[in-house]
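Asks: One structure is given below, represented as structure tokens, and several questions about it will come after.
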Amino acid sequence: MAREIQDHWFKEAKRQGYRSRAAFKLIEIDDKRRILTKGRRVLDLGCAPGSWTQVAAQRTAPNGIVVGIDLQVVTGSFRGSPVHLLQGDAAELSDETLEELGLDPSSPFDVLLSDMAPSTTGSRDTDHYGSMRLCNLVLDLAAMRLSSGGDLIMKMFEGPGSKDLLERARSMFETVRPAKPKASRSVSREMFIVCLKRSKSIAVDHIRDELAGGPPPLTGGWGS
Ligand SMILES: C[S@@+](CC[C@H](N)C(=O)[O-])C[C@H]1O[C@@H](n2cnc3c(N)ncnc32)[C@H](O)[C@@H]1O
């Protein structure tokens, strides 16, 4: 049964021209929350092979902007809003990199997406804490690069650290809701956190503390 459901999303992705079945997770969340509206500026973290980027570019078209980042190279063309692709570690996204893309780094994004996942090891705890590290990085980036009133959708692998993460998200956003889209395997501990309306002020010390204890760079350099 589980295999049939997998095949269904896989075939549907092929049929509709999406790069992966992951597209349907974002589509289901966004159909309910209406986050990816026309003209919004989107930062898509962990974007390879690019199906969330496709959805974001289509839904924000024609005059939105999508910046996609992944450790892996992502190529090809996208329909809709202009898409900028970067290869590198999301933790290393700098003002200079955004400037090189012709973007103003002082102009924040309206939406942050993160489908980032650590390389899975088979150990539930190791994978969970790898995911927590990435989710905390996403919240750091939300503090620095998301507009006040901006929205975030991020993936996490559930486990003992989830409660603290949700608490941190609640301290930064007006509304925080879990989501488990149909295209996400029911056996997987993957779930999505939808964070709506980032607060105007976020304690800077708190962000600095998080960054000080944050992850070391995973790779060096940037490419487009
Ligand atoms: C599940 S895939 C993303 C699928 C994508 N949303 C799509 O729809 O095509 C997770 C991605 O996160 C990326 N990733 C993990 N850690 C990262 C990091 N620190 N910086 C950038 N990308 C990262 C991985 O390389 C992987 O491609």
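Asks: From Gly130, Gly159, Gly150, which residue is out of contact with any strand residue (DSSP E or B) (no Cβ under 9 Å at 6 or more places or on another chain) and not hydroxyl-bearing (Ser, Thr, Tyr)? Talk me through it step by step, then tell me what you get.
Replies: Details: Gly130 fails: out of contact with any strand residue (DSSP E or B) (no Cβ under 9 Å at 6 or more places or on another chain); Gly150 fails: out of contact with any strand residue (DSSP E or B) (no Cβ under 9 Å at 6 or more places or on another chain).
Within the list Gly130, Gly159, Gly150, the selection yields Gly159.
Asks: Of the residues Met191, Met116, Met156, which is modelled with pLDDT of 95 or more, within 22 Å of Ala48 (Cβ to Cβ), surrounded by fewer than 19 Cβ atoms within 10 Å (Cβ to Cβ) and in contact with a helix residue (DSSP H, G or I) (Cβ under 9 Å, 6 or more places away or on another chain)?
Replies: Every option except Met191 fails the conditions.
Asks: I've got another one for you. Can you tell me which residue in region 48-83 is nearest to the ligand (Cβ to nearest atom), limited to those that are touching a residue at least 60 places away in the same chain (Cβ under 8 Å) and surrounded by fewer than 20 Cβ atoms within 10 Å (Cβ to Cβ)?
Replies: Leu71
Asks: Taking interchain pairs and intrachain pairs at least six residues apart, which have beta carbon atoms under 9 angstrom, with the first residue in region 117-141 and closer than 18 Å to Asp164 by Cα and the second at pLDDT below 95 and hydroxyl-bearing (Ser, Thr, Tyr)?
Replies: Thr126/Thr120; Asp127/Ser119; Asp127/Thr120; Asp127/Thr121; Gly130/Ser119; Gly130/Thr120; Gly130/Thr121
Asks: While we're here: So, in region 154-192, how many residues would count as being among the hydrophobic types (A, V, I, L, M, F, W, C) and in contact with a Phe, Trp or Tyr (Cβ under 6 Å, 6 or more places away or on another chain)? Reasoning before the result, please.
Replies: Within region 154-192, the first condition is being among the hydrophobic types (A, V, I, L, M, F, W, C), and the residues that meet it are 154, 156-157, 165-166, 169, 172-173, 176, 179, 183, 187, 191-192.
The next check asks that each one be in contact with a Phe, Trp or Tyr (Cβ under 6 Å, 6 or more places away or on another chain); those that pass are 179, 183.
Of the residues in region 154-192, 2 are among the hydrophobic types (A, V, I, L, M, F, W, C) and in contact with a Phe, Trp or Tyr (Cβ under 6 Å, 6 or more places away or on another chain).
Asks: Going by the structure shown, is Leu137 within 15 Å of the ligand (Cβ to nearest atom), of a type outside the set (Gly, Ala, Ser) and outside any strand (DSSP E or B)?
Replies: Details: within 15 Å of the ligand (Cβ to nearest atom): yes; of a type outside the set (Gly, Ala, Ser): yes; outside any strand (DSSP E or B): yes.
It is true that Leu137 is within 15 Å of the ligand (Cβ to nearest atom), of a type outside the set (Gly, Ala, Ser) and outside any strand (DSSP E or B).
Asks: Would you check if there is a residue in region 72-91 being of a type outside the set (Gly, Ala, Ser), under 15 Å from the mean Cα position of the chain (by Cα), in a helix (DSSP H, G or I) and modelled with pLDDT of 95 or more?
Replies: The answer is no; no qualifying residue exists.
Asks: Restricting attention to region 7-25, report how many residues are away from the ligand (no atom under 14 Å from the Cβ) and touching a Ser or Thr at 6+ places or on another chain (Cβ under 8 Å).
Replies: 0
Asks: Please pick out the residue among Ser147, Ser106 that is hydroxyl-bearing (Ser, Thr, Tyr) and either surrounded by 14 or more Cβ atoms within 10 Å (Cβ to Cβ) or part of a helix (DSSP H, G or I) (or both). Step through it out loud before you land on a result.
Replies: Values: Ser106 fails: either surrounded by 14 or more Cβ atoms within 10 Å (Cβ to Cβ) or part of a helix (DSSP H, G or I) (or both).
When all the criteria are applied, what remains is Ser147.
Asks: Across region 194-219, which residue is surrounded by the fewest Cβ atoms within 10 Å (Cβ to Cβ) among those that are under 17 Å from Met116 (Cβ atoms) and at pLDDT 60 or above?
Replies: Applying the filter and picking the extreme gives Val194.
Asks: Listed residues Ser147, Ser106; which is closer than 25 Å to Ser199 by Cα, away from the ligand (no atom under 16 Å from the Cβ) and more than 18 Å from the chain's Cα centre (by Cα)? If you could, list the steps in order and put the result at the bottom.
Replies: Numbers: Ser147 fails: more than 18 Å from the chain's Cα centre (by Cα).
It is Ser106.
Asks: Taking Leu113 as the residue in question, decide whether it is within 12 Å of the ligand (Cβ to nearest atom), assigned to a strand (DSSP E or B) and closer than 20 Å to Ser162 by Cβ.
Replies: Values: within 12 Å of the ligand (Cβ to nearest atom): yes; assigned to a strand (DSSP E or B): yes; closer than 20 Å to Ser162 by Cβ: yes.
Against the criterion (within 12 Å of the ligand (Cβ to nearest atom), assigned to a strand (DSSP E or B) and closer than 20 Å to Ser162 by Cβ), Leu113 qualifies.
The values are calculated or read from the model by the stated rules, or taken from the named source; none is laboratory data. Just so we're clear, the structure is a prediction, and the values are computed from it rather than from any experiment. Cβ: placed from backbone, ideal geometry, glycine included. Neighbour counts: every protein chain shown.
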